[in-house]
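Below you'll find the structure, written out as structure tokens, and then a few comments.
The values are calculated or read from the model by the stated rules, or taken from the named source; none is laboratory data. Keep in mind it's a predicted model, so treat the numbers as computed, not measured. Every residue, glycine among them, receives a Cβ derived from its backbone with ideal geometry; neighbour counts consider all protein chains shown. Remember, those area values only see protein heavy atoms, side chains included, never the ligands or the DNA or RNA. Shrake-Rupley method; radii C 1.70, N 1.55, O 1.52, S 1.80 Å.
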Amino acid sequence: MATARVLTVANTSCLLSKTTSFLAKQGPYSTSLCFTRRRAASSLSSSSRRSFACTAIYNPEVQIKEEGQPETLDYRVFFVDRAGQKVSPWHDIPLQVGNGVFNAVVEIPKESSAKMEVATDEPHTPIKQDTKKGKLRYYPYNINWNYGLLPQTWEDPSLANSEVEGAFGDNDPVDVVEIGESRRKVGEVLKVKPLAALAMIDEGELDWKIVAISLDDPKASLVNDIDDVEKHFPGTLTAIRDWFRDYKIPDGKPANKFGLGNKAANKSPVTNDLMA
């Protein structure tokens, strides 16, 4: 399966580049999170490469610092390290934890409707509430799962995915849908186990939804792949697909589409490889 991109750490800068599997290079190591139908990696052209100042936090010990009042235009959720310095939840928190476990940053807690997201164009990329025409954005109804991003990932807008209707990446971090029972907080960093993926196509752009579960959930030990999700969380994958398919309809927009036969894709084993 061709998913998204890679964030490569080189000295004190990060270069966002493209692969067709989850692959994050941290110093001498790489971690490959593979899904079925994986293809060989492609390189990112120099014209589409971005660079960001960052310092990789290999064992993130970050705290949340709120500025402004929730549900206002000025509200921001910043991340600070032990020295009190602001860091980026997108660029500075590592993707891979080890043993098939990944970090995920919660943007939108389950059973809420404020459309919170990492501000990718602001210094330190704090979490803020999205706006449209100067007004705060809300989903038309609550989202039923914790929703966030996988740090140090990127959907490359310059490359088409031939397996998903030739759609290009949406230029954002890869999204994660955490299906555990607890309602998490904005900015909470979870250690999650990926289980499946949905290839959403939003206005022609590819927007992967990685379905995962937090390791501290009571059912985490019971689920390792798509079949386990269907057994222990029956109907959840269909519900996630339908929610993201239909949430724009109340605003008069068409339903989103899904590639890969309109079904969730199974996850193959996660591998950790030592890079030469």
Test: residue in region 123-141 that is of a type in the set (Phe, Trp, Tyr), within 20 Å of Asn256 (Cβ to Cβ) and either in contact (Cβ under 8 Å) with a residue 40 or more places away in the chain or buried (at least 20 other Cβ atoms within 10 Å of the Cβ) (or both): yes
Residue selected from region 257-276 under the condition polar (S, T, N, Q) and outside any loop (DSSP other than H, G, I, E, B), by the criterion modelled with the highest pLDDT: Asn262
Selected residue (only one of Lys253, Lys248, Lys231, Lys209 is open to solvent by less than 30 Å² (accessible area, probe 1.4 Å) and without any contact (Cβ under 8 Å) to a residue 12 or more places away in the chain): Lys248
Residue that is modelled with pLDDT of 95 or more, acidic (Asp, Glu), open to solvent by less than 20 Å² (accessible area, probe 1.4 Å) and out of contact with any helix residue (DSSP H, G or I) (no Cβ under 6 Å at 6 or more places or on another chain), where the choices are Glu178, Glu188: Glu178
Checking Trp154 against (1) closer than 17 Å to Asp175 by Cβ; (2) touching a Pro at 6+ places or on another chain (Cβ under 9 Å); (3) surrounded by 18 or more Cβ atoms within 10 Å (Cβ to Cβ); (4) without any contact (Cβ under 8 Å) to a residue 60 or more places away in the chain, the condition it does not meet: (4)
Residue ranges of strands (runs of 3 or more DSSP E) in region 121-224 with at least 3 members closer than 22 Å to Ala265 by Cβ: 146-149, 167-169, 175-178, 189-202, 205-214
Given (1) touching a helix residue (DSSP H, G or I) at 6+ places or on another chain (Cβ under 8 Å); (2) modelled with pLDDT of 95 or more; (3) closer than 17 Å to Ile210 by Cβ, number of the condition Glu163 does not satisfy: (2)
Filtered residue count, region 225-256, keeping only those that are in a helix (DSSP H, G or I) and of a type in the set (S, T, N, Q): 2
